[in-house]
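K.L.:
Here's a structure for you.
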Amino acid sequence: MSTTTISPTALSELSKSGQKIDLIDVRTPVEYREVHVAFARNVPLDQLDPNAVMQARTGSASEPLYVVCKSGGRGQQACDKFAKAGFMNVVNVEGGTLACEKAGVAVVRGKKAMSLERQVRIAAGSLVLTGVILAYAVHPYLIGISAFVGAGLVFAGITDTCGMGMILARMPWNQCATDLGARGAR
């Protein structure tokens, strides 16, 4: 699907002009806590409900909704979700939070955390190594563990959707204490 985009520089200019900007950050709560655009609110991609987000907006329905992530990939996925739900006035921020920071958009810094990408590399590498060791020490068919992880990584690269990343994003260490409390109240 074709998505409308905005450059971080143009987003910064809109912000400085005083125009109201409805910006959602679709990264995990821990990533958001580490650094986020000052006027963004966190709506993690794995919990994104386009209808709920649109109903919760305070501005006019005709005003664009801006979406940002780390570098643009998850933002694109979020825009696709909105488009599938029938909402077309959704704009992806090119290059994500990283590009916004470089362009001088105001950001808020918090507690540093291990990136989700790094966690995926550690988990995938550990599973591949375990599969190889088990295939050597226990039974040759256990090499299938390594093959399964390799196939998953190829799929993630082709589709830009990482199942392991989505699972890791839901782990307790990737949640903020306030998020865990909010989930329990639902």
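Readers should treat all values here as calculations from the given coordinates under stated rules, not as data from a laboratory. Just so it is clear, the structure is predicted and the values come from calculations on it, not from any experiment. Glycine also receives a Cβ, built like all others from the backbone with ideal geometry; neighbour counts cover every protein chain displayed.
K.L.:
If one takes the longest principal axis of the Cα atoms in the chain, at what angle in degrees, from 0 to 90 and to the nearest 10, does the Cα axis of helix 73-84 lie?
P.N.:
Taking the Cα atoms of the chain, the angle to 73-84 is about 70 degrees.
K.L.:
Also, quick follow-up: Given the Cα-Cα distance of residue 160 and residue 57 and 0.36 nm per residue of separation, how much length would full extension add, in nm?
P.N.:
The span from residue 160 to residue 57 would gain 34.2 nm if fully extended.
K.L.:
Another one. Using alpha carbons only, how many degrees (0 to 90, rounded to 10) separate the axis of helix 143-159 from the longest principal axis of the chain?
P.N.:
Around 20 degrees separate the two axes.
K.L.:
With θ set to phi - 60°, apply the Karplus curve 6.51 cos²θ - 1.76 cosθ + 1.60 along segment 47-57 and write out the HN-Hα couplings as whole Hz, x wherever there is a Gly or Pro.
P.N.:
Calculated HN-Hα couplings, in order: 10, 5, 10, x, 5, 5, 4, 5, 5, 7, 5 Hz.
K.L.:
Same structure again: What ³J(HN,Hα) values, in whole Hz, does the Karplus curve 6.51 cos²θ - 1.76 cosθ + 1.60 give for segment 115-130 when θ = phi - 60°, with x put for Gly and Pro?
P.N.:
Residue by residue, segment 115-130 yields 5, 4, 4, 5, 4, 5, 4, 5, 5, 5, x, 5, 5, 5, 4, 4 Hz.
K.L.:
So what is the 222 nm mean residue ellipticity for the chain from helices alone, if each DSSP H run of at least 4 adds -39500 (n - 2.57) and you divide by all residues, rounding to the nearest 500 deg cm²/dmol?
P.N.:
Details: 9 runs with 96 residues, N = 186.
Computed mean residue ellipticity for the chain: -15500 deg cm²/dmol.
K.L.:
While we're looking at this one, here's another question. For residue 111, project a label point 7 Å along Cα to C-beta. Then give me every residue of segment 10-46 with its amide nitrogen under 19 Å of that point.
P.N.:
Only 27-37, 42-44 fall inside the zone, counting backbone N under 19 Å.
K.L.:
In nm, to one decimal, how far is the residue 47 label point from the residue 136 one, both placed 7 Å along Cα→Cβ?
P.N.:
Placing both labels 7 Å along Cα→Cβ, they lie 4.3 nm apart.
K.L.:
Taking the alpha-carbon distance from residue 84 and a cut-off under 12 Å, which aspartates and glutamates remain once sequence neighbours fewer than 8 residues away in the same chain are dropped?
P.N.:
Reachable aspartates and glutamates: 49.
K.L.:
Follow-up question, since we're still on this one. What area, in nm² and to one decimal, does the C-alpha convex hull of segment 55-125 cast on average over all directions?
P.N.:
Working: hull surface 27.3 nm².
The directionally averaged projection comes out at 6.8 nm².
K.L.:
To continue, here is another question. Average the reciprocal distances over every distinct pair of alpha-carbons in segment 4-109, invert the result, and give the Kirkwood radius in Å.
P.N.:
13.4 Å
K.L.:
In nm, to one decimal, how far is the residue 88 label point from the residue 123 one, both placed 7 Å along Cα→Cβ?
P.N.:
The two pseudo-label positions are separated by 3.7 nm.
K.L.:
Of all beta bridges DSSP finds with both residues in the chain, what is the antiparallel percent, to the nearest 5?
P.N.:
Antiparallel: roughly 20 percent of the beta bridges in the chain.
K.L.:
Which peptide among 45-54, 17-26, 109-118 comes first, and what is the full order, when sorted by highest mean count of other Cβ atoms within 10 Å?
P.N.:
Values: 45-54: 15.5, 17-26: 17.1, 109-118: 13.4.
Going by the mean number of other Cβ atoms within 10 Å, highest first, we get 17-26, 45-54, 109-118.
K.L.:
Identify the residues of segment 65-88 with backbone N under 13 Å of a label point that sits 7 angstrom from the Cα of residue 39 along the Cα-to-Cβ direction, or state none.
P.N.:
65-67
K.L.:
Percent of alpha carbon pairs in the chain separated by more than 20 Å?
P.N.:
Roughly 59 percent, once rounded to a whole number.
K.L.:
At q = 0.20 Å⁻¹, what is the base-10 log of I(q)/I(0) for segment 116-185 according to the Debye formula with one equal point scatterer per Cα and no solvent? Please give it to two decimals.
P.N.:
Result of the Debye calculation: -0.83.
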